[in-house]
Amino acid sequence: MDIKYIVVFGYLGLTLLLGIYSYRYSKKSLADYFLAGRGIGPIVLFFTMAATNFSAFTIFGFSGEGYRSGYAYYPLMGFGTGFMALSFFVIGRRAWLMGKKRGYITPPELIGDRFKSENLRLIYLAVMVIFTLPYIALQPRGAGLALESLLGIPYFQGAVIITVFVLIYVFLGGMRGIAWTDVLQGIMMLVFMLIAVRIVASAYGGLFSANYAVRSEYPVLFGRPGMAGKYTIGLTLSYMMLWFFCDPLFPQLFQRFFAAKNEKSLKVTMILYPLITGLLFLLPITIGVLGRLTFPDLEGRAADSILPMLLNEHTAGWLGALILSSALAALMSTADSQFLTLSSMLTRDIYEVVLKRESKNEHIIGRVLVVILAVIGLALAYKPPSTILQIATQTFTGLAVLFPATFAALYWRRATAKGAIWSILVGEFLVVLYYLKSTYANDPEFAMQYTWGADVLKVIPTFGLLPVIPILIVTSLVLIIVSLFTSISKEHVEEYFKDLPTINPEKRKYMYLWIAIFGIMFIASIDFWAWGSNTITFLGYPWWIWYFIGLNLILTIAMVVFSNKYWTDSYKEGE
C-alpha cells in the first residue's frame, strides 16, 4: 500500500482510538455527553476552543485567500481573531456562571430562560442551525479537496470517508472525546503547518528568497489593500469587528463556555488566543502567497486547493501525507464540534421543548441526530456554490445578528423578549437583502426581469463596509426601541441578574480605562499609515506583518494584566 495512505489512515485510526478510550469514561447523561460533565480544564479548553475555531476555512480558505489577495489578509485574521478573545470575558464568563448555576446545555436554553420566551428560544435556535449548516459543509468539502489532490481519491468519496471517521469518535466519545482529539489536532496543525512553510520555501532558496521572488513578480501581494485593492480600510475595519461579534456566537464555541471547569479555564484560553492566532494564521496565508511561484494561474475556487497541490509538487509521499493530516485535523476538529453542538440543540430545544417529551435516553437521541446532521453536511458539500471565504462570510454575518440580543440578555435588565425577537428578525431580513444585493444588484438578466427589485437593491447602503456593520447598528437600535416600549417581568429579571457577576465598586471605576486601552489597540490595528507600503524585512515579509505580530504580543500582555485584575474576587458569591 502507498505510504501516503498508511500515514493518513494511521492518523484517522488514532482519532478513533481516542474516541473509544473516552467512551470508557462517559456517563449516560446529557451533560456528560454534550459538555464532558462541565469539567474541561484550562489547557484542554484552550486547545479545544482553538481547534474548533480553526477549521477548513483556516487551512484551505486562508491559503486560498493568501493566493488571491496576498498578505493583506493576515492583519484582519491574525489580530482580528486574537482581539475577539475578549468576548470570552464579555460573553463567556457570564454564560459559564449561568450554565453552572442553572444547568444550561445549549445557547438557546440560556436566551429562552433569561427572557422567559419559548418563541425567542426557537428563533435563536433556528438562526444558529440555519447559518451553521453551510459552515458544516465546508469541512467535508475541505476533506474532499485534500484527499483528491494528495491521494487521488475522488472529491466526494474523500468527503464521505472523513465524515465517517468523525462520526464514529463523536458518536462514541461526545464532548470528552472531541476535546481530547482537539489537543492532538491543535498540536498537529501548528507543527505541520510550520513544516509545510519550510518545505515550500526551501524549494526556492528559503523563506526570504521565496518571498522576494513573489514580490518581484507580484508586488501588490505584499502591500495594502492587496490584489485588486480588495481589503480597503472600510473592509478591514469590518472584518476586525465581525470576528468579535460573530465568533462567540458560533454554537460550537458558545457551548464550550458551559463546558469549562472553572473561571481559570476561560481566563487561560483568552490570554493564549492572540498568541496562537498571530502565529498559526500567518502560515497558511504564507503558503498561499508562495503558491504563486509554482501555480501562477489559478482562479476562483481553484485557489482553495493550493496547499495539497504544493504538497504534491514539493514533498515526498509520507511527509506530504503527514502535513495533509494537519489540514484534516483542522477541519475534523470543527466538524465534530458542529455535529455535537447542533445535535444537543435539537435534542434539548426541539425534542424537549417543542415535542414536550422527556427521556432517560436523551444521549442516544443526540447520537442519532449527529448522524443526520453529518448526512446534511455531506449533501451541502456535494456541489458547493462558491469559494470557502464567501460561504464562511455569509455564515458569520447571519450569526453576528444574534450578538445584540445575547449581550442584552447578560447585561441589560430592561431588555425584553419582544425586543430580542424583533432585533433578530429584522437583522436576518437585512442579511437576506444584502445577500441579494451582492448577488443580483448588478446582474443584467435580473435587472431586465425585476427592474424595480434591482433598483431597490442598488440603493441599499453599505458605506464601504461589510453588510454586518450597518446590520448590527440597525438590530441594536431595534432591540433598544422595542424593549423600551414593551414590558418586562421585574421579579424574574431581578432574580436572574442576582446570579450574574458584578465588578467590585473599587475596580469598576478603572473599567473605562481598560475599555480605552483595548479601544486604542483596536484603532492601532487599522494601520492606514501602512497602506501602499510593501517594503520587505526579516524573512521576506512586509514590515507591517511584524507590526501586527507585535500588536498581538501587546494584546496578550494587556489581557494578562486585565484578567488578573477583573477575573478574580468579582462575584457576589462563590469566591
Item to check | Which listed residue, of Leu194, Leu221, Leu237, Leu253, is farther than 30 Å from Pro107 by Cβ and buried (at least 18 other Cβ atoms within 10 Å of the Cβ) | outcome: Leu221
Checklist entry - If we keep just the residues of region 207-218 that are more than 32 Å from the chain's Cα centre (by Cα) and small (Gly, Ala, Ser), which is surrounded by the most Cβ atoms within 10 Å (Cβ to Cβ)? => result Ala213
Item to check | Index of the failed condition, Thr475 passing every other in (1) among the β-branched types (Val, Ile, Thr); (2) more than 23 Å from Thr277 (Cα to Cα); (3) buried (at least 16 other Cβ atoms within 10 Å of the Cβ); (4) in contact with a strand residue (DSSP E or B) (Cβ under 8 Å, 6 or more places away or on another chain) | outcome: (4)
Next on the checklist: For region 283-310: of the residues being under 21 Å from the mean Cα position of the chain (by Cα) and of a type in the set (S, T, N, Q), which is surrounded by the most Cβ atoms within 10 Å (Cβ to Cβ)?
Outcome noted: Thr286
Item to check | Residue list for region 395-425, restricted to those being in a helix (DSSP H, G or I) and of a type in the set (Val, Ile, Thr) | outcome: Thr395, Thr397, Thr406, Ile421, Ile424
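Residues checked against (1) modelled with pLDDT under 95; (2) outside any helix (DSSP H, G or I); (3) closer than 22 Å to Lys267 by Cβ; (4) in contact with a Gly (Cβ under 9 Å, 6 or more places away or on another chain):
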site	(1), (2), (3), (4)
Val478	no, no, no, yes
Ser483	no, no, no, yes
Glu495	yes, no, no, no
Thr502	yes, yes, yes, no
Tyr512	yes, no, yes, no
Trp529	yes, no, no, no
Trp546	no, no, no, no
Ile557	no, no, yes, no
Glu573	yes, yes, yes, no
Checklist entry - Only one residue in Arg94, Arg114 is surrounded by fewer than 23 Cβ atoms within 10 Å (Cβ to Cβ), in a helix (DSSP H, G or I), of a type in the set (Lys, Arg) and touching a helix residue (DSSP H, G or I) at 6+ places or on another chain (Cβ under 7 Å). Which one? => result Arg94
Next on the checklist: Given the criteria under 20 Å from the mean Cα position of the chain (by Cα) and basic (Lys, Arg), does Arg102 qualify?
Outcome noted: no
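So that you can scan it fast, the table gives a plain yes or no per residue for (1) over 22 Å from Thr52 (Cβ atoms); (2) in contact (Cβ under 8 Å) with a residue 60 or more places away in the chain; (3) basic (Lys, Arg); (4) surrounded by 24 or more Cβ atoms within 10 Å (Cβ to Cβ):
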{"position": "Ala85", "(1), (2), (3), (4)": "no, yes, no, yes"}
{"position": "Lys101", "(1), (2), (3), (4)": "yes, yes, yes, no"}
{"position": "Glu109", "(1), (2), (3), (4)": "no, yes, no, yes"}
{"position": "Tyr135", "(1), (2), (3), (4)": "no, yes, no, yes"}
{"position": "Gly144", "(1), (2), (3), (4)": "no, yes, no, yes"}
{"position": "Phe156", "(1), (2), (3), (4)": "yes, yes, no, no"}
Checklist outcome for this item: Scanning region 169-187 for residues that are surrounded by fewer than 24 Cβ atoms within 10 Å (Cβ to Cβ), of a type in the set (A, V, I, L, M) and at pLDDT 80 or above gives Val183, Leu184, Ile187
Item to check | In region 44-60, residue modelled with the lowest pLDDT [restricted to those that are under 17 Å from Phe257 (Cβ atoms) and among the aliphatic types (A, V, I, L, M)] | outcome: Ala51
Checklist entry - Got at least one residue in region 121-128 being modelled with pLDDT of 85 or more, within 29 Å of Tyr231 (Cα to Cα) and buried (at least 24 other Cβ atoms within 10 Å of the Cβ)? => result yes
Checklist outcome for this item: Scanning region 217-236 residue by residue, those out of contact with any Ser or Thr (no Cβ under 8 Å at 6 or more places or on another chain), of a type in the set (A, V, I, L, M) and modelled with pLDDT under 90 turn out to be Ile233, Leu235
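The values are calculated or read from the model by the stated rules, or taken from the named source; none is laboratory data. Values in this document were obtained by computation on a predicted structure and should not be read as measured data. In this analysis, Cβ positions are derived from the backbone assuming ideal geometry, glycine residues included, and neighbour counts consider all displayed protein chains.
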